[in-house]
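Everything below concerns the one structure shown next.
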Amino acid sequence: AGGHAQAREVAAHLASVGRIDMIIVSPYLRTLQTAQPLAHATGLPLCVDFAVAESHQRPAALPPLDTRLPYFPEIDTSYSPLMASVAVDGTGVEPRIEHLRRLLFLSQALQRPPFRGKTVVVVTHAASVALIAALRGSDLLGAGQLAACGVAKLVVGAHGRAD
């Protein structure tokens, strides 16, 4: 119950501080649960994307997206994800190097249409946020609290580096 309350508090905060154009969320349950109150507060759909999922994942362990719709009707089934799945090793787990490659890809993709010039909330895990910030050259001390239900603000300037 505490995590749900934190998610509602974060959603209320984010909805009150400015325009949000899009919500991209990891396909994992706890991130969907964290993002759902923000979808309610903003009226925006949840765009599920493996590109923002945590490291060392096992995508075959996830239920199909359509089976989650009764619990998360906010999911945008028309969204075309940057990554519909991830590369896995022989045990079905994403290797660490693939996680780093994926986050580098994501940090670059967020600079191109349809994301360029938009305020995109990415709901993922703190370690992934920290890696994206590092890849973008962000000052991690100024980015925010990288913790459970923490909020990190990463702004990319015209020069393509984090401000």
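The largest accessible area among His40, His125 belongs to the first residue in His40, His125, and the rest follow in falling order (1.4 Å probe, all chains).
Computed packing ranks the peptides 22-35, 103-116 as 22-35, 103-116, most packed first, by mean other Cβ atoms within 10 Å. Of the chymotrypsin sites (Phe, Trp or Tyr not before Pro) found in the range 46-93, the ones in coil according to DSSP and having at most 13 other Cβ atoms within 10 Å of their Cβ are Tyr71. Electrostatic tally near Lys118: other residues with Cβ closer than 10 Å to its Cβ, Lys and Arg +1, Asp and Glu -1, net +1. Neighbours of Arg96, meaning other residues whose beta-carbon lies under 12 angstrom from its beta-carbon, give a summed charge of -2 when Lys and Arg score +1 and Asp and Glu score -1.
The values are calculated or read from the model by the stated rules, or taken from the named source; none is laboratory data. What you see is a predicted model; the values in this text were computed from it and never measured. Because the Cβ atoms are built from the backbone with ideal geometry, glycine has one as well, and the counts that use them run over all protein chains shown. Surface accessibility is based on the protein's heavy atoms, side chains included, excluding ligands, DNA and RNA. Shrake-Rupley method; radii C 1.70, N 1.55, O 1.52, S 1.80 Å.
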